[in-house]
Every structure is written in structure tokens, then in C-alpha cells.
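The block underneath contains the structure these notes are about, expressed in C-alpha cells.
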There are 2 protein chains.
Amino acid sequence: MTHPLLEKHRATLEGALNAIATRGYWSAYNEMPSPKAYGETAPDDGKKAFEAHLGKAFELGQPGQSGWAGGEQSPYGIDIGTTYPVCDIEALIAAGETAMRGWQKAGADGRAGICLEILDRLNKQSFELAHAVMMTTGQGWMMAFQAGAPHAQDRGLEAVAYAWREQRFVPHETVWEKPQGKNPPLVMKKHFELVGRGVGVVVGCGTFPTWNTYPGLFAALSTGNAVIVKPHSNAILPAAITVRTIRAVLAENGIDPNLVTLAVAGRAETQKLVTHAKVKSVDFTGGNVFGQWLIDNCRQAQVYAELAGVNNIVIDSTDAYKRMLGNLAFTLSLYSGQMCTTSQAILVPAGGIDTEDGHKSFDDVCADLGKAVTGFLSKPEVAHAVLGAIQSSDTLQRIEEAASGKYGTVVLAPQKLENPDFPKAEVRTPVLLACDAGEEAKYMEERFGPISFIVKVADTAAAIALSERIVATHGALTAGVYSTKPEVIEAMTEATWRSKVALSINLTGGVFVNQSAAYSDYHGTGGNPAANASYSDSAFVANRFRVVQRRYHV
Amino acid sequence: MTHPLLEKHRATLEGALNAIATRGYWSAYNEMPSPKAYGETAPDDGKKAFEAHLGKAFELGQPGQSGWAGGEQSPYGIDIGTTYPVCDIEALIAAGETAMRGWQKAGADGRAGICLEILDRLNKQSFELAHAVMMTTGQGWMMAFQAGAPHAQDRGLEAVAYAWREQRFVPHETVWEKPQGKNPPLVMKKHFELVGRGVGVVVGCGTFPTWNTYPGLFAALSTGNAVIVKPHSNAILPAAITVRTIRAVLAENGIDPNLVTLAVAGRAETQKLVTHAKVKSVDFTGGNVFGQWLIDNCRQAQVYAELAGVNNIVIDSTDAYKRMLGNLAFTLSLYSGQMCTTSQAILVPAGGIDTEDGHKSFDDVCADLGKAVTGFLSKPEVAHAVLGAIQSSDTLQRIEEAASGKYGTVVLAPQKLENPDFPKAEVRTPVLLACDAGEEAKYMEERFGPISFIVKVADTAAAIALSERIVATHGALTAGVYSTKPEVIEAMTEATWRSKVALSINLTGGVFVNQSAAYSDYHGTGGNPAANASYSDSAFVANRFRVVQRRYHV
């Protein structure tokens, strides 16, 4: 009954199943962009494959095509000029529904096997995907490679593993035999069919076009659904490459490739798509306005949404002041803070904090964190590798506003850097602002980009209470605490149980609050306003398929 | 780490886990209301315990009590006269939230152990509960015992088993160790805390006050949530007995009993309760109007709803005509069709059907089914045991309307029977109507009660297409087909995959389309308008808790 591709990739699936059960470190896909890992010619081949897309029409062979569209603007200032098929939404939905029949027949094993093959093929395209991610999002090369390719593939595999596990709990059939005392038993044969809910739509974001798309894409796909990928208008290429590979693997395995299609669509067309009666799930990563619109309007669908939040860190005390500052400096700088996990509000007691280096006043902490950021970014090659480029003009404008003092006292002003490799790239160093806890309008909404606040709070207890309130009311994907006192860590831990946010404690080494590792770290809890779902857990997959039974006397 | 009550009931939990994995026959609780199974004095003790509630105030010791309310009218015409505490909703919610802290600390094992103990204690009260169910709902004694007590307890245990399985997938803690080439590995200790989403409300129905309440109640409870049970205004007693027992077991085990409370509330108060910001899940069984209101308005909560539908059966042909008619007659008669699973529309080709007894015209089928019902109910003791009494005046009125010919040609008129044991009981035999497939207004909405339609359809293919459309647009919990032709059964099977409804094929023996057995039959698929969730599956439990992690360097 099992599928040859499941056998081929069984060790990978079993590795993932073990990893989600133990939540230790594991990865199926090498995160080093090295020829040793990916083959001598892989870096060059990938770069050429990426360059071959530039200025060209990206053929996908989808139904209902009416024209071509493109217009991605690279934050690095290169010309992309790729165009993509524009297809009638009704045609994509109808074709997806039709394709679901054969996909249902493939069963959970067949679907898992084919998804594993897709991920393996995407992994072989990691350099091509990494260039596409880097040039559309402005990420630095290393992040674009890691988050854009192997880490995204890991998150996709994670969803496949959860989906397979849940589907495999349902037996194909059973004999139900109920004793009737001295009479013959009642005997029924029963069959249980796994059926996808219907066409799924995955709406991507502009900053992580694969990492935030693959979980929903592979969760919906491996549970038996057709998927229409609606990428952000400025990060289409990584999605298009992904969709083309998926379609190729599907076709090779006798599955109608229209099971997975790309929808290049504006806002109005997207709204039509996601509210379509035949669309049964919507995965979304992005801002609160459209996210809330989806939740309010897509009543015919399950909506899995990752929205904005106000990530925060409470600093009470530390015995590793320099390393704490270094850890924070990296977090605030990485991809210029354009991550949904970057800390925005750093809550520091008005009376300052105790450190192994003596007491530091609130102003000391502000100044020292500013210096740590400046020091960390002092070498241009480090700065460019870490910062990347600013993805959108909205973010550039927010940085300017922050620099003007509009949101708080400027502790560290942003600098515009010139990237010698990409003269047109918009590069900015982080802005640090200081404000009082009472000035909530300043810091208590997401200001996406390299803009962070050091918020002066009465004391540690007030900081913990504020953190809890921020998370409960505005949401957060990450929270942190620095303290040498067990009772403070315990109080913060209990606050995060109530507000439901993942907590990083005393990070001073090579792990950062804004990083979440597949199979081990839940990305989002799904329990606060920043996200109603988590990557990944059973709830992320279990409601994407239904069981339809039939029974008869034997 | 495990809990003594989990050890005490481990065999029961393991039985349930095995049953949901294999979906064969299994039950934890004896369905025979016999002294042999429940103890020599159990029937008498249970009856006395029930009678002791009549005309009394039912003390629960809940917070915020402002008075007493009652007013249940027995369909059997006895005087109930029990009153129940009326409590301030804000007080119940606040007390539930407070109680959740200790419940969280109990962990998945502790919660499962205590839930298993609760179910065991409820099982020992089966006779008391059965009398309460019978007298509030109008069910016959045997159904009241089975569905009201052991079968309801099985559905509760089923939810506990799913919840335990999903929660146990999440390890308490892990060490995450990521190799760093020649450098020392990155090592993080991580803890994973299971946290309930928040206060759950379970809104019960008037016909199955335990069977339809226990799944949501035990799913929410065992995943770490407080639960407020809001029973139907005419079936409070079974819920009150349940809540009292739960509170007693909680208190015995050091858990704040206010974790589970009873809310006796009218419509406006209920609406306030279910839309309260602190209420995070709502389980509901009942009509479409209030169900849709819940889905539209309880935006702060997960809503698990079982609503109305139009259950239907396609009759193409049979090789067991008499037994088919006998099976249908039982289904239509049981509890006077007041089940969410009773067939309402029986789709028969205009040209009639082939049987082992020769061809039967459409009119033959109508007449023969009418005779089968009449014959089945010809003995008064059988009739009363099977029919029970009519639960609501709305249903009585619908029966009258149906008898008047308003909804179709009367094939079998309802009869009013006198129950010698309960002279005030409202007893009616089923109404059978005939109409054409085109007369959709007549049969294509739920007419709750003993009202069924034999619908004349062009042919079998049209009947299957109509069945699919009914399910997809109006919903259904059950569908059936009778045919001797494999291709018809296959076509019907595929139709039910698309419309997502459970299918019973050629039922002629001691299993009926309106019955669903815990651990084996999914009650509802959650994939058509009759219900957005199923009893039970992973999706029914997995999103009722969240995982909150914390991590630090080692």
C-alpha cells in the first residue's frame, strides 16, 4: 500500500517524526551554502538559474491564463523584470478541485511521499531559491540561503510530518464486532476515507516568501487539498520557482499539476479569491489590517494567520552584561529588524539594572546598547551581511520618522550605508529610541523594521506586568527576559503562560530571541493576537482534512 | 510524574486509545441497565436519587449566586420542580480562570486521571442520570439509559483519549544541541508548557443533554480549560447532576471546583456569556439560527457547532426488501425521530425499485414503508419504549402541520397514543409524506421530529446527485444507500466524499443509520453545514490547548 517515494524518503520522514516528538535539534537540509554540502557546481548553477529568470516570462502552463504581470522591485536595486502568468481565479479554483480527486486517491502515504520528493527537489534548488529570496526581500546572503531555502524546507517537512502522523491515526478500514450476549454479534465493515477540506490559498509575505509560505503550503497539500499560492507582489519569484517544481514533481507522479498553482493578483482579486465559496483554507502572513479582514470575511474557510505584534524583552539584571548587549545588538540588526520575531520593546527598570560589572542606570543601558549595535556593525562587510537592505519604502519612511524623534528620544540614530556591491541598495542601521512606559502610543504598536524602544518601567514587576499586557492585547511572537533571580524568571514564565508567548531566557550566546528552529521551537503559540496558529503543531494540520466513513453489514 | 488516578484508570485509557486507533467495537461502560452490571441496588438507588431532586433546590455552591431558577416541563408530564442556582456570569468566568491555574499544574496526566475518575463516578450514577434524561427529554427508558449514561460517558472518554494523545506528543522538556563544526555545539534547554486556551462554554440541547454535552465538556476540560455548562432550559437536571459530580471529584483531588460550573441563563444572558472576551471556546448543539449566530458573533472563541441538517437515504434496489423496511421503520420511530441523525428525506426513483420480491413502484414503497412503521409500532409496549414522548410543543406543531398535508401528500398519518404509565405524555407515531424532488421547499430544510419525506426522483443517478446537493448545501449527519449494484454504491460513496457525510450501506440488521458508536463511528464529519466538528477526532481537541515554550543556554 505504501508509495515508492515514501520508501525513498522514509528516513527523512522518520527523522522529522522523531524530531517533532523529542523536539531536539535535527535538520533534513544542510544550512551551509557550501559546495561540499550541495555539490561543487551548485553555487554557480544556482546563480545562473536565478539569473536566467531575470527579464523573462516565467512559464507555468496554468489554466485560464489571460496575460503576464510582474514588477518586482529589488531592495538591492537590481533589475528583476520577470513576468508571471496572470490566470483567471475561477479557472485556478476549478482546476484545483478537479486535481484533488487524484490527490485523494494517493492517500496519506502517497501524498507524504510526493511532498518529500518535492522538498528534496526544492533543496537541490537552494542556491537558485536563495538568490531569488535575497534579491526580492533584501535579506543578506546567508540569511537568504538559510531561511529562504533549507530552513524553509525544514518548516515544510515539519508540516508534512505532522500531517502524516495525524492522517495515519485513521485506519483505512476496520471490522466492528459488537457482542450480543447469546445471539450472534453485530458485525460491520467500515472504511475511513481521508478527504481534503477543499482548495487552500496561501498568501505570502514580502520578507519571507518561502519560510512563511511553506508551512501552510505543505500542511494543506499533504492533507489532501489543492493549493493556490498568492505571493506578495514584490516577492513572486521564490514562490514561482517553488510552484513550478511542485507542478513538475506532481506531473511526474501522475498527479494533475493544477493541484498547485500560482495566483498573481492585486488586492481586489485576492479578496475575491480568498472569499470564494470553494476556498476552504487561507494561510496568511502579514499585517493586521488585511489579516483581520481575512478573519472577518473568509467565513467559508479556516484562516491560519500570522499577524503583527509587539515583541518585547524584560531586562531585570544580568551576570553577562557585554554578552547580553552583543546578543541584543545582533537581534536588532539582523535583516534590519524586518522579522516578525524581532524585539521591538525592551523594558528596563527606571532604577537601572544590576550586572556583574556593577549597577547600570537606565541611561547607561540605553547608551551601552547603542554602542553595542554600532560596534557590531562597525565593519562594513559584517554590516552588509547582517543588515541586508530595506525591503519597502514604508519601512524607509518609518525609519525616518523614528529618527526625527516622533516616537521617542533618539538613543541611536540610523545611518544610511553604501553597499559597494549594490550601489542602489537602501541600507540602514537600526534606530534605538527611549520612552516612558506611559507613552504607550509610541511603542505599543508594531513599527516594522529596525526600530526598537527602550521603555522605562517603574521596576521589574511592572515590566513583567507590562510585557504580559502587551502580549495579551497586541500580540507577540517572541518575548525575552534577562535576570539573575530565579523568582523573576519564574514570574516572567508564569506571565508568558497567561499571555501565551514563547520565552527566551538570558540569551547571551549564539542563539537569538528572533530565531525559531523547526521541529523544536514553536513559531507563534497561536494563543495571542500575533497569530492564531503555530508552526507547527497538530492543530495546524488536523482540521485541514476530514474523515468520511462508510459502513455495511458483514 | 504520573497521577494516581491515571494509574487507577490506566486500563480504561489504554482501551480507549486502542479503540480510537483501530476503530473496532469497544466500550468502557456497560450499556445494559441491569443489576448484574451495575449492582443489585443500583436501579432502585438511581431512581430514588433522581426522585430526591424533584421539587428541590439543587445546591452547587457556586460563586456569584443571586437566586434560583427552574421550570423544566417533562414531556412525560411528571412534575419536576427542581430549581438550580442562578449565578453571575462574570463571577463564573472569573472563578473558572482562577481555577485554571491549578488545573494547568496537574498536567496532561493529572487532568486525564481526574477526568477518568469523573467518568467512572458518572457511570456509577447511570440510573440516576438515565431517569433525569428520560424525564426531561421524553426519551424511552432504554435509550435514556444507553444514550444518556454509558454511551455519553463513552463519548466523553473518547474526547479524553484524543486530548491525552495530542497533549502527550508534546514533551515536557528537551535539550537542543546543534553542532557547530569544530566549535562547541549550541546547547539549549527547553521546556514546553501545555496551557488551556481559556474558559470554555458548552451549550447543551434539549434532546440529548449528556450525549451531546460530554464530548465538548471533556475535550475542553482535559486540555486544561475551565468549563461553564449552559444546559437547555428544559434539560437542566442531567447537566446539574454531571456538574455536581465533577465539582466533587475536582475538590477531592485538590482542584478548585469552580473549574466547572453550571450556568442557568436565558437567551440574552447566554449571548453575553458566549461572547465574553475571556471565553475561548464554545461547544454547541442545536438549531441553525442560534448556531450561526454563535459562529458569526463569538469571534473571540473557537466554536464547535453541531447544527441541523437534512439527513437522507437513496433507495436504488435491495435484495432484502422486508428487512430494509424494518430497519427504516425503526430508524424513523426511534425517539419519535427527535435525533439529529434521523433520516428526513428518502429518495426513491419515480420508476420504483427492484427487490428480491419483484419490482416495487414508487407508490408501493411509500405504502410498504408506512405499513412497516405501523406494524413495528402495533404493540403499545414496543411503541412507547421506542417512541418515548415529544420533547417540545414546536415539534408537536410541526407534526400537526405535516399531518395537514402542508408539506406533501400524507402517506402515513401520525397517531396520538396514550401512555398508561404517563397519562400526560405527548406521544405521536411518525408522519410519512410523499413529494416530488422539485418541491424543495417541502423537504429541503430540517423538520425536526417524526416527519419524513419519500421524495420522488427521476432515477438513481438523480437521487445520488440530489443527496450530494442536499448535504453540501443544507448539511447532514447521516446518509444511507440501498442498492444491489456495486456501481451505484461506488457512485454514492464518491458523492459522500465530495459532500462529506458518513454513509451507511444496505442496513437491514441490528444497526441503524441514526446510530453512531463511540471510538468507531465519527459523529458528523465537520465538513458539511450540519456540523463544523466531529465527535471525536484530533481536530476536536488539538486547538483547545496551546504550547508555551521557554528556553535558555545550558
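The values are calculated or read from the model by the stated rules, or taken from the named source; none is laboratory data. If you're wondering where the values come from, they're calculated on a predicted model, not measured in any experiment. For neighbour counting, all protein chains shown are included, and Cβ atoms are generated from backbone atoms with ideal geometry for every residue, glycine included.
When the range A:369-390 is limited to residues that are under 23 Å from A:Phe208 (Cα atoms) and among the β-branched types (Val, Ile, Thr), the one that is surrounded by the fewest Cβ atoms within 10 Å (Cβ to Cβ) turns out to be A:Val382. Give the range A:517-528 a look and list any residue that's in contact with a Lys or Arg (Cβ under 9 Å, 6 or more places away or on another chain) and either among the charged types (D, E, K, R) or facing chain B (nearest Cβ under 10 Å) (or both), or say none. Those that are in contact with a Lys or Arg (Cβ under 9 Å, 6 or more places away or on another chain) and either among the charged types (D, E, K, R) or facing chain B (nearest Cβ under 10 Å) (or both): A:Ala517, A:Tyr519, A:Ser520, A:Asp521, A:Tyr522, A:Thr525, A:Gly526, A:Gly527, A:Asn528.
Quick grid of which residues meet (1) touching a Lys or Arg at 6+ places or on another chain (Cβ under 6 Å); (2) under 16 Å from A:Asn312 (Cβ atoms):
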{"site": "A:Phe422", "(1), (2)": "no, no"}
{"site": "A:Val431", "(1), (2)": "no, no"}
{"site": "A:His474", "(1), (2)": "no, yes"}
{"site": "A:Glu487", "(1), (2)": "no, no"}
{"site": "A:Leu503", "(1), (2)": "yes, yes"}
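Of B:Ala28, B:Ala57, B:Ala69, B:Ala42, all but one fail to be touching a Leu at 6+ places or on another chain (Cβ under 8 Å), under 21 Å from B:Thr245 (Cα atoms) and among the hydrophobic types (A, V, I, L, M, F, W, C); the exception is B:Ala28.
For B:Thr331, indicate whether it is within 13 Å of chain A (Cβ to nearest Cβ), among the polar types (S, T, N, Q) and either more than 28 Å from B:Gln139 (Cα to Cα) or buried (at least 19 other Cβ atoms within 10 Å of the Cβ) (or both). So that I can check it myself, show each step before the final result.
Numbers: within 13 Å of chain A (Cβ to nearest Cβ): no; among the polar types (S, T, N, Q): yes; either more than 28 Å from B:Gln139 (Cα to Cα) or buried (at least 19 other Cβ atoms within 10 Å of the Cβ) (or both): yes.
In short, no.
For the range A:455-467, check the following and say yes or no: at least one residue is over 30 Å from B:Ala502 (Cα atoms), within 26 Å of the chain's Cα centre (by Cα), away from every other protein chain (no Cβ under 12 Å) and surrounded by 24 or more Cβ atoms within 10 Å (Cβ to Cβ). Yes, the conditions are met somewhere in the range A:455-467. Scanning the range A:26-53 for residues that are among the small types (Gly, Ala, Ser) and touching a residue at least 24 places away in the same chain (Cβ under 8 Å) yields A:Ser27, A:Ala28, A:Ala42, A:Gly46, A:Ala49. Among residues of the range A:408-426 being in contact with a Ser or Thr (Cβ under 8 Å, 6 or more places away or on another chain) and aliphatic (A, V, I, L, M), the one that is surrounded by the most Cβ atoms within 10 Å (Cβ to Cβ) is A:Leu412. For B:Cys298, the conditions (1) crowded, with 18+ Cβ neighbours inside 10 Å; (2) among the hydrophobic types (A, V, I, L, M, F, W, C); (3) within 20 Å of the chain's Cα centre (by Cα) all hold with the exception of (3). Just so you know, in the range B:177-217 the residues that are more than 30 Å from B:Leu307 (Cβ to Cβ) and part of a loop (DSSP other than H, G, I, E, B) include one that is nearest to the other protein chains (Cβ to nearest Cβ), and it is B:Gly181. Scan the range B:167-175 and give yes if some residue there is at pLDDT 95 or above, assigned to a helix (DSSP H, G or I) and crowded, with 18+ Cβ neighbours inside 10 Å, otherwise no. Yes, that holds for at least one residue. With respect to the conditions (1) in a helix (DSSP H, G or I); (2) under 23 Å from the mean Cα position of the chain (by Cα); (3) more than 9 Å from chain A (Cβ to nearest Cβ), B:Phe512 lacks only one, and its number is (1). Checked against (1) crowded, with 23+ Cβ neighbours inside 10 Å; (2) within 14 Å of chain B (Cβ to nearest Cβ), A:Thr242 passes all but a single condition, namely (2).
Does A:Glu40 qualify as being part of a helix (DSSP H, G or I), farther than 18 Å from A:Ala147 by Cα and not β-branched (Val, Ile, Thr)? It would help to see each step written out before you state the result.
Details: part of a helix (DSSP H, G or I): no; farther than 18 Å from A:Ala147 by Cα: yes; not β-branched (Val, Ile, Thr): yes.
No: the conditions fail for A:Glu40.
Against the list (1) away from chain B (no Cβ under 14 Å); (2) surrounded by fewer than 24 Cβ atoms within 10 Å (Cβ to Cβ), the condition A:Val133 fails is (2).
Please pick out the residue among B:Gly77, B:Gly55, B:Gly61 that is part of a loop (DSSP other than H, G, I, E, B), in contact with a Gly (Cβ under 6 Å, 6 or more places away or on another chain) and more than 23 Å from B:Gln271 (Cβ to Cβ). Criteria check complete, one pass: B:Gly55. Does B:Leu13 count as closer than 30 Å to B:Ala94 by Cα, assigned to a helix (DSSP H, G or I) and either in contact with a Gly (Cβ under 9 Å, 6 or more places away or on another chain) or of a type outside the set (A, V, I, L, M, F, W, C) (or both)? For B:Leu13, the condition - closer than 30 Å to B:Ala94 by Cα, assigned to a helix (DSSP H, G or I) and either in contact with a Gly (Cβ under 9 Å, 6 or more places away or on another chain) or of a type outside the set (A, V, I, L, M, F, W, C) (or both) - is not met.
Going through (1) more than 8 Å from every other protein chain (Cβ to nearest Cβ); (2) surrounded by 22 or more Cβ atoms within 10 Å (Cβ to Cβ); (3) of a type outside the set (S, T, N, Q) one by one, A:Ile489 falls short only on (2). Please verify whether A:Leu503 is closer than 30 Å to A:Ala163 by Cα and more than 10 Å from chain B (Cβ to nearest Cβ), treating the condition exactly as stated. No, not satisfied. Count of the range A:150-170 residues, restricted to those that are out of contact with any helix residue (DSSP H, G or I) (no Cβ under 6 Å at 6 or more places or on another chain) and either polar (S, T, N, Q) or farther than 30 Å from A:Lys124 by Cα (or both), is 2.
Within the range A:227-235, does at least one residue satisfy the condition of being away from chain B (no Cβ under 14 Å) and within 23 Å of A:His3 (Cα to Cα)? Yes, the range A:227-235 has at least one match. Residues that are within 9 Å of chain A (Cβ to nearest Cβ) and touching a Lys or Arg at 6+ places or on another chain (Cβ under 7 Å) within the range B:529-548 comprise B:Arg544, B:Phe545, B:Arg546, B:Val548, listed in sequence order. Can you confirm whether B:Tyr535 is in the same structural domain as B:Asp354 (by TED's automatic domain parsing) and under 26 Å from B:Ser333 (Cβ atoms)? When the stated conditions are applied, B:Tyr535 does not pass them. Just so you know, in the range B:391-407 the residues that are surrounded by 13 or more Cβ atoms within 10 Å (Cβ to Cβ) and not charged (D, E, K, R) include one that is farthest from B:Gly138 (Cα to Cα), and it is B:Tyr407.
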